[in-house]
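J.: Below is a structure I'd like to ask you about.
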């Protein structure tokens, strides 16, 4: 079994890459005081728009740009309500998810070509997600004045306003950073892990990302650890499937999610979120 798990690790890391991108994006936006429950819907829209762009252009590079554009449009819709109009963030995020599920399902049924797409020949995203981005985001959030203001927006936005800076602007910028990362994650899902779009293909990754941000205590090293644990659980799932131990397939599919749920239950009540997280 150990040998099977070790053999499955490369695939698990590959499969966890879009999840890590979503986690990194959500961490940034939650540090600014915004809880974006619509992350699942943003991933879905990004995956679909990446396939549409890749099929229209014949280029996976354009497909990745299309994924970012799709996530950005969903983020703008979320931001108009949650930041500009100061609507309830939980309700807004839930609405984005429902809208994204309905929209992508409709387009999927109306555009048969979504089931296939050019497949990216070179995986340039995985090393960026696991190595470069954690370093860049850590420096941005903890070693720059911009990062200090973003974190202050999540802790005490009145201090930011008193210093003459716009809380809304910093939250918009954090949301756009998240949109770029989620766009990459959605495109990675449909152009690298698979070669086309399918209904609800994100399979709850957005909600798992939310739990990993909490598990990681809103820090990048915790986010990496939480995503790695999810990847290990995924590797266990692959190993159990390969070992043919007679366990039902759908039970095996639930393994990574059950592990994540148990971890979240274990840390619940022992973490401190940014003080102004989710507040209007």
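The values are calculated or read from the model by the stated rules, or taken from the named source; none is laboratory data. None of these values were measured; they are calculated from a predicted model. FYI the Cβ positions are ideal-geometry reconstructions off the backbone, even for glycines, and counts take in every protein chain you see.
J.: Consider residue 210 against the criteria (1) surrounded by fewer than 19 Cβ atoms within 10 Å (Cβ to Cβ); (2) at pLDDT 90 or above; (3) under 16 Å from the mean Cα position of the chain (by Cα): it satisfies all of them except one. Which criterion is unmet?
T.: (1)
J.: For region 220-242, give me each residue that is surrounded by 19 or more Cβ atoms within 10 Å (Cβ to Cβ) and under 11 Å from residue 256 (Cα atoms).
T.: Matches in region 220-242: 227, 230, 231, 233, 234, 235, 236, 237, 238.
J.: Name the residue, out of 160, 192, that is surrounded by 16 or more Cβ atoms within 10 Å (Cβ to Cβ), closer than 20 Å to residue 43 by Cα and over 10 Å from the mean Cα position of the chain (by Cα).
T.: 192
J.: Now, a different point. Suppose we filter region 102-114 for residues that are in contact with a helix residue (DSSP H, G or I) (Cβ under 8 Å, 6 or more places away or on another chain) and assigned to a helix (DSSP H, G or I); how many remain?
T.: The number of residues fulfilling the criteria is 6.
J.: On to the next question. Based on what the data block shows, is residue 33 in contact with a helix residue (DSSP H, G or I) (Cβ under 6 Å, 6 or more places away or on another chain), under 18 Å from residue 183 (Cα atoms), crowded, with 24+ Cβ neighbours inside 10 Å and modelled with pLDDT of 95 or more?
T.: In short, no.
Conditions tested, residue by residue: (1) over 30 Å from residue 154 (Cβ atoms); (2) assigned to a helix (DSSP H, G or I); (3) touching a helix residue (DSSP H, G or I) at 6+ places or on another chain (Cβ under 6 Å).
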residue	(1), (2), (3)
209	no, yes, yes
213	no, yes, yes
217	no, no, no
223	no, yes, yes
226	no, yes, yes
234	yes, yes, yes
238	yes, yes, yes
241	yes, yes, yes
253	yes, yes, no
